[in-house]
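The values are calculated or read from the model by the stated rules, or taken from the named source; none is laboratory data. The structure presented is a predicted model; accordingly, all values stated were derived computationally and were not measured. Here the Cβ positions follow ideal geometry from the backbone for every residue, glycine too, while neighbour counts run over all protein chains shown.
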Amino acid sequence: MTSFEGRAFVYGENVDTDVIIPARHLTSIEADELARHCMEDLDPSFASTVRPGDLVVAGRNFGSGSSREHAPIAIKGAGIACIVAESFARIFFRNAVNVGLPIVECPGVTDGAEPGDVFRVDLDSGSVENATRGLTFEGTPLPPFMRDILDAGGLMPWVARSLKAGDAPVRVGVARDEPPQADWRLD
Amino acid sequence: MTAAGVRPMTVTEKILARAAGLSEVAPGDLIMADVDLAMGNDVTAPVAIARFRELGIENVWDPAKVALVPSHFVPAKDIASAKLGMTMREFARQQGIEHYFELGRGGIEHILLPEQALALPGMVIIGADSHSCTYGAIGAFSTGVGSTDLAAVLATGRIWLRVPESVRFVHEGVPGPWVVGKDVILSVIALVGDDGCSYQAMEHTGPALAHLSMDSRFTLANMAIEAGAKSGIVAPDEVTLAYVRERQRLAGREREFDVFASDPDARYAAEHVVDVGALEPQVSLPSLPSRAEPVSQADRVAVDQVFIGSCTNAKLEDLRMAAHILRGRRADPRVRLMVIPATQEIWRQANREGLLEVFAQAGATVSTPTCGACLGGHMGVLGPGEVCVSTSNRNYVGRMGHREARVYLVNPAVAAATAVMGRLAHPDETGVEPPEESVITGVGASYGEPVGVGAPGDPP
Ligand code: SF4
């Protein structure tokens, strides 16, 4: 899937993983159970109103805080097709791609946005349209390497594929000459 | 030292280049790095174990390089968390993972692994917990990831990383009375913002470091994530080496390690000079760590609970500082005071020094090491509208319990003074003289013998 269209839940800045899925629910690792409590400290109606294919549109620093992968698992489990945010916290960014949840970083995307607006998102180009308000934004597509992981369905299928190819997973990068010497080495 | 023809690099870039088998790396490069130590806790490891099993691989890449630390919901708070513990224990047994730290023999991972000399300078450490950046305090590259990344590391021993830009903080001056690492990092986060160092490595340098003990430096590195950073690092100096050597000796884990330093002409995305000498104790107001201001200027809010604990401020220096104020005093009757030492070893040393008795006599409850109240999991969850002054690292909405509870982040001296006064207080308000620097920030903070570790015994 390279493009999405859906109505959006719109949130502000610094939506941290503690509000996406509070610690009191971290004793579960089941997506369905986590989805039932998704966003409950921020938007108590989220879990009961979300429909498969809906989108999340949010401000700066989405997913900050704890590394709990339960957060993208809960959002994906709730049926959200894609998250567009002005920016993402880095651990959440990795985790979303690793669990196969599409995300696009798109400065300005919350401008004029209201809950329920319909957005169109193109993963390839990173362009995002608020169809309800007739606004378009240029987001940043995922780097090809991360897109490859997303297209594989997440990091585990990607690793399985590389292992099968006998290439335990590819080394990326350039030259492999002398690694830097320690400035001092202690015994 | 820069090898001929190699671009000048920061300490972070050198560690990553070594781990990727490359002569040099630059910010933005995607690399595949060899991992020296991988860590999971009772929240993240069970998910990672499930993902690992999906791969159909039998064994982890190197059981000696894996550490599993139950910390968040221990002692098990309910049946569900007991099952998380069982999953980890069984996996450790089956995989021969020797660095599994059972209840009563462990503690909070970020303080435990350096204490046990498993986290060492120059390593690449990947932890499935956002505060895994803490190990940067000893000069390792260390970052937090999610469970799936950990599963991939368990399978392959490698992780893909984007080489971060480095931001340099030059700490100048001599910290004044009651000022410790916590105050420095809270003021830094207020300076750069909650996402001010997103995707970057925060490198702490400067003459003030000579006055910041290892325990204070762990706090500096610990809260890199609260500025959005990928990692925080202090290149090793004499203070680091004294600590690491002592811990290696006590833990019986003496082995070589690499010490890297930044080249003088290495490039930084930004540089900030911090006048530590001008700093007062700080408080971060609800509900963002970046809302830090001097305690002297903050409203004197009445508090329901004071929490001295977490991977941020429950080390020996922290407990000594709190005890310095609480000795011979009592917590205000309206305040619940909780003290949770970070590790078993710290608990034992605090016991030997009589600190636990000081806390108990002050009316505190003193618990076994656990994350507990820090994440609102158990052991001191807050109710609606309650106010908590905490030495932990996050004051987000709902972090420590109900979403209408309010959390203020402070250093341990401010927390102790607040407990005594029943409201947010500067330590000077208690009339206690500040401690001698050497009493609190004794270099290296070495203490006692290591606790016994080892693979969980075979089931009976
Ligand atoms: S003490 Fe708090 S911040 Fe530290 S690892 Fe535990 S839950 Fe996380």
Response to the item:
Note on segment B:145-179: residues within 10 Å of chain A (Cβ to nearest Cβ) and among the polar types (S, T, N, Q) are B:SER147, B:THR148, B:THR156
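Out of everything in segment B:380-390 that is under 22 Å from the mean Cα position of the chain (by Cα) and crowded, with 24+ Cβ neighbours inside 10 Å, what residue ends up being nearest to the ligand (Cβ to nearest atom)? First the steps, then the outcome.
Step one: list which residues in segment B:380-390 are under 22 Å from the mean Cα position of the chain (by Cα), which gives B:380-381, B:388-390.
Filter once more, keeping what is crowded, with 24+ Cβ neighbours inside 10 Å: B:388-390.
Details: B:CYS388: 13, B:VAL389: 16, B:SER390: 10 Å.
So the residue we want is B:SER390.
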Item to complete: Would you mind stating whether B:GLU90 is more than 13 Å from chain A (Cβ to nearest Cβ) and either surrounded by fewer than 21 Cβ atoms within 10 Å (Cβ to Cβ) or at pLDDT 95 or above (or both)?
Response: yes
Worksheet entry | One residue from B:TYR396, B:TYR408 being away from the ligand (no atom under 14 Å from the Cβ), on the phi < 0 side of the Ramachandran plot, at pLDDT 95 or above and not in a helix (DSSP H, G or I) | B:TYR408
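Can you name the residue in segment B:316-340 that is among the β-branched types (Val, Ile, Thr) and away from the ligand (no atom under 16 Å from the Cβ) and, of all such residues, is farthest from the other protein chains (Cβ to nearest Cβ)?
Within segment B:316-340, the first condition is being among the β-branched types (Val, Ile, Thr), and the residues that meet it are B:325, B:335, B:339-340.
Next, from what is left, pick out any that are away from the ligand (no atom under 16 Å from the Cβ): B:325, B:335.
Values: B:ILE325: 30, B:VAL335: 24 Å.
The residue in question is B:ILE325.
For segment B:144-231, which strands (runs of 3 or more DSSP E) that fit wholly inside it have 1 or more residues that are in contact with a Cys (Cβ under 7 Å, 6 or more places away or on another chain)? Before the answer, list the steps.
Working: elements: B:158-162, B:166-172, B:201-205.
Ranges flagged: B:166-172.
Would you please name the residue that is surrounded by the fewest Cβ atoms within 10 Å (Cβ to Cβ), looking only at residues in segment B:16-35 that are under 20 Å from B:TRP61 (Cβ atoms) and hydrophobic (A, V, I, L, M, F, W, C)?
Just the residues of segment B:16-35 that are under 20 Å from B:TRP61 (Cβ atoms), to begin with: B:16, B:18-21, B:31-35.
Then drop every residue that is not hydrophobic (A, V, I, L, M, F, W, C), which leaves B:16, B:19-20, B:31-33, B:35.
Numbers: B:LEU16: 27, B:ALA19: 23, B:ALA20: 27, B:ILE31: 21, B:MET32: 18, B:ALA33: 26, B:VAL35: 23.
Among them, the one singled out is B:MET32.
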Worksheet item: Within segment B:93-130, can you find the residues that are surrounded by fewer than 19 Cβ atoms within 10 Å (Cβ to Cβ) and farther than 14 Å from B:GLN344 by Cβ?
Response: B:ARG93, B:GLN94, B:GLY96, B:GLU98
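Restricting attention to segment B:292-303, does a residue exist that is without any contact (Cβ under 8 Å) to a residue 60 or more places away in the chain and among the small types (Gly, Ala, Ser)? First the steps, then the outcome.
First, the residues of segment B:292-303 that are without any contact (Cβ under 8 Å) to a residue 60 or more places away in the chain: B:294, B:297.
Imposing the further condition that a residue be among the small types (Gly, Ala, Ser) reduces the set to none.
No.
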Discussion item. For segment A:45-60, check the following and say yes or no: at least one residue is within 16 Å of the ligand (Cβ to nearest atom) and within 15 Å of the chain's Cα centre (by Cα).
Written reply: no
Worksheet item: B:GLY377 passes all but one of (1) in a loop (DSSP other than H, G, I, E, B); (2) at pLDDT 95 or above; (3) within 16 Å of the ligand (Cβ to nearest atom); which number fails?
Response: (2)
Discussion item. Any residue at all in segment B:98-120 that's within 30 Å of B:VAL11 (Cα to Cα), of a type in the set (S, T, N, Q) and either touching a residue at least 40 places away in the same chain (Cβ under 8 Å) or within 14 Å of the ligand (Cβ to nearest atom) (or both)?
Written reply: yes
Response to the item:
Taking segment A:5-41 and keeping residues assigned to a strand (DSSP E or B) and within 12 Å of chain B (Cβ to nearest Cβ) leaves A:ASP16
Discussion item. Among the listed residues B:TYR199, B:TYR268, B:TYR243, identify the single one that is within 14 Å of chain A (Cβ to nearest Cβ), touching a Ser or Thr at 6+ places or on another chain (Cβ under 8 Å) and away from the ligand (no atom under 16 Å from the Cβ).
Written reply: B:TYR243
Discussion item. Every residue in segment B:121-142 that is within 14 Å of another protein chain (Cβ to nearest Cβ), within 14 Å of the ligand (Cβ to nearest atom) and in contact with a Pro (Cβ under 9 Å, 6 or more places away or on another chain), please.
Written reply: B:THR134
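Could you check, for segment B:280-290, whether at least one of its residues is more than 16 Å from the ligand (Cβ to nearest atom) and more than 16 Å from B:ASP183 (Cβ to Cβ)? Let's see the steps before the verdict.
From segment B:280-290, those more than 16 Å from the ligand (Cβ to nearest atom) are B:280-283, B:285-286, B:290; that's our starting set.
Remaining after also requiring more than 16 Å from B:ASP183 (Cβ to Cβ): B:286.
The answer is yes; a qualifying residue exists.
Looking only at segment B:188-220, count every residue that is among the basic types (Lys, Arg) and surrounded by fewer than 20 Cβ atoms within 10 Å (Cβ to Cβ) and tell me the total.
Keep residues of segment B:188-220 that are among the basic types (Lys, Arg), which gives B:217.
With surrounded by fewer than 20 Cβ atoms within 10 Å (Cβ to Cβ) added as a condition, the list becomes none.
Counting residues in segment B:188-220 that are among the basic types (Lys, Arg) and surrounded by fewer than 20 Cβ atoms within 10 Å (Cβ to Cβ) gives 0.
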Worksheet item: Residues in segment B:301-315: is at least one outside any helix (DSSP H, G or I), within 13 Å of the ligand (Cβ to nearest atom) and among the basic types (Lys, Arg)?
Response: yes
Item to complete: Mind telling me which of the residues A:ILE83, A:ILE91 ends up being closer than 24 Å to A:ASP41 by Cα, more than 12 Å from every other protein chain (Cβ to nearest Cβ) and crowded, with 24+ Cβ neighbours inside 10 Å?
Response: A:ILE83
Discussion item. I'm checking my understanding of the structure. Among residues of segment B:356-367 that are outside any helix (DSSP H, G or I) and touching a helix residue (DSSP H, G or I) at 6+ places or on another chain (Cβ under 7 Å), which one is nearest to the ligand (Cβ to nearest atom)?
Written reply: B:VAL366
Fill in: Restricting segment B:39-92 to residues that are within 15 Å of the ligand (Cβ to nearest atom) and of a type in the set (Val, Ile, Thr), the residue that is nearest to A:SER162 (Cα to Cα)
B:THR44
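Quick check: anything in segment B:7-17 modelled with pLDDT of 95 or more, assigned to a loop (DSSP other than H, G, I, E, B), more than 9 Å from every other protein chain (Cβ to nearest Cβ) and over 26 Å from the mean Cα position of the chain (by Cα)?
Narrowing segment B:7-17 to residues modelled with pLDDT of 95 or more: B:8-17.
From the residues that got through so far, the ones that are assigned to a loop (DSSP other than H, G, I, E, B) too are B:8-10.
Imposing the further condition that a residue be more than 9 Å from every other protein chain (Cβ to nearest Cβ) reduces the set to B:8, B:10.
Now restrict to residues that are over 26 Å from the mean Cα position of the chain (by Cα): B:8.
Yes.
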Practice prompt. Would you point out which residue out of A:ASP32, A:ASP122 is surrounded by fewer than 20 Cβ atoms within 10 Å (Cβ to Cβ) and over 30 Å from B:GLY85 (Cβ atoms)?
Written response: A:ASP122
